[in-house]
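Here the structure comes first, spelled out in structure tokens, and everything after it is commentary.
The values are calculated or read from the model by the stated rules, or taken from the named source; none is laboratory data. Quick caveat: nothing in here was measured; it's all calculated off a predicted structure. Note that each Cβ is placed from the backbone with ideal geometry, even for glycine, and that neighbours are counted across all protein chains shown. For the accessible areas, the whole protein counts, side chains as well, though only heavy atoms, and no ligand, DNA or RNA atoms are used. Shrake-Rupley method; radii C 1.70, N 1.55, O 1.52, S 1.80 Å.
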Amino acid sequence: MTTTQPHQAKIDEQATLWEVSDELWARLAPVLVIDKPRKKSGRPARDARAIFNGLIWLARTGSQWSQLPARYGPKSTVHERFKAWVEHGCLRQAWGLLLEEYGRELGIDWEWQAADGSIVKAPLG
């Protein structure tokens with residue numbers, strides 16, 4: 001692979017992040033707490049770490065919510081927590097923390113960054 005990134009060799013040597021390590025989770029967990037009373041009583045809230053790992057799985061695979069493995073929890077629960085984290089700014093803080101960690105490990109070249117995406121209308125039928 002040819003790239004202009006000076007640290008590409010370090011990136012290629014690293015294992016792909018599929019789940020959050022214990023050390024990283026200790027830093028992420030406080031950021032993902034939402035202090036609001038629950039609307040429903042009954043079952044305790046799902047494990048936030050499993051849900052966060054499910055979001056990583058979705059991002060890494062590009063799969064649909066319906067394909068989320070059961071070990072991360074029901075897709076509706078993962079989606080509801082995702083929406084709550086976005087609404088309360090938790091996911092933005094977690095992303096910032098992850099970028100800081102990555103920057104410390106490998107460095108980030110902030111002079112040139114690009115994002116690409118597209119939205120294509122699905123054909124009928």
Fill in: Estimated FRET transfer efficiency when R0 is 35 angstrom, pair Asp116-Glu87 (beta carbons, to 0.05)
0.85
Worksheet item: What list of whole percents do you get for P(r) of region 25-73, with Cα-Cα distances grouped in 10 Å bins up to the one holding the largest distance?
Response: 21, 43, 32, 3
Worksheet entry | Carbon/sulfur fraction of accessible area - region 85-125, other protein chains in place, 1.4 Å, % | 56
Worksheet, complete the sentence: Rounded to whole Å², per residue accessible area for region 21-60 with a 1.4 Å probe reads 72
Worksheet, complete the sentence: Between Lys36 and Glu101, Cβ-based FRET efficiency (R0 22 Å, step 0.05) works out to 0.20
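Looking at region 52-125 from every direction and averaging, what is the projected area of its Cα convex hull in nm²? Let's see the in-between values first.
On the way: hull surface 29.5 nm².
If you wrap the Cα atoms of region 52-125 in a convex hull and average its projections, you get 7.4 nm².
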